[in-house]
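Heads up: the structure comes next, in structure tokens.
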Ligand code: PEP
């Protein structure tokens, strides 16, 4: 049994104008209590959140904490505190908008917007320095997996992205999301064993680097998670929830995944 929090997090990406964002957020808020009610014996605490675009944060915010249990996330955060950085959004601005956490290093940011491990490390450091929770994404390309280099790739991303995090900062504000690039938005999910094996490698690295504080971190899986495959993935062990793209865009499918998390017994080992 694990005491690690299970996170069910949605990444809405560049989707949902304000009206759709509000509708989705309202639907999640309205159904959350029922979805998480009567969890299966031994189920860890399940928490839910989602990341609208920056411009839709205000539309979604009324349906998040404290009005409901949902966390409000941003899809990214600046590496700098404030200043002459056109187009960037800093931690203080996110907090003012009611944001609880920021996704950092998503593979789409890495692939299309030049987010290197060094930049991601600065974003993580800036977020933690100002007490904002981060969801740090790592994941290998299909090419790396086919060459058998998936574990080295992911552990390198992880260690370089956490390079500025001191042991004293490795706490509940750090959430890791393993998202194999070949499984994102493709309909192709990593097998539960592939996901579990990578989660174990990530946990081993965190434990070796940060001791118990590293070992205790929630490690989420992302890549074509849907209501139909959530329970099987969680049953594999060492998977502490999900970062979800497509299936998070509708409250119904997102809540079905949250309900599956509350109703799936976790392996004891
Ligand atoms: C994601 O973007 O983080 C993601 C996992 O997307 P999808 O669920 O659509 O594969």
Relative contact order (%) - criterion: Cα under 8 Å, at least six apart; region: the chain = 24 percent
Set the Förster distance to 30 Å, then compute FRET efficiency between residue 82 and residue 19 from the Cβ-Cβ distance, nearest 0.05.
-> 0.45
Give the share of C-alpha pairs in each 10 angstrom bin for the stretch 126-212, from 0 to the last occupied bin, in whole percents, shortest bins first.
-> 16, 49, 27, 8
Over all distinct Cα pairs, what is the inverse of the mean 1/r for the stretch 95-251, reported as the Kirkwood hydrodynamic radius in Å?
-> 15.7 Å
Column: log10 I(q)/I(0), Debye, Cα scatterers of the chain, q = 0.08, 0.12, 0.16, 0.17 Å⁻¹ = -0.28, -0.66, -1.25, -1.43
If each Cα of the stretch 223-269 is one equal point scatterer, what is log10 of I(q)/I(0) from the Debye formula at q = 0.27 Å⁻¹?
-> -0.97
Cα centroid separation - the stretch 103-121 against the stretch 210-257, whole Å | 21 Å
How are the Cα pair distances of the stretch 45-163 distributed, in percent, across 10 Å bins from 0?
-> 14, 41, 31, 13, 2
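Rule-based calculations on the coordinates, nothing more; no lab input. Treat the numbers as computed from the prediction; the structure is a model and nothing was measured. We place every Cβ from the backbone using ideal geometry, glycine too, and count neighbours over all the protein chains shown.
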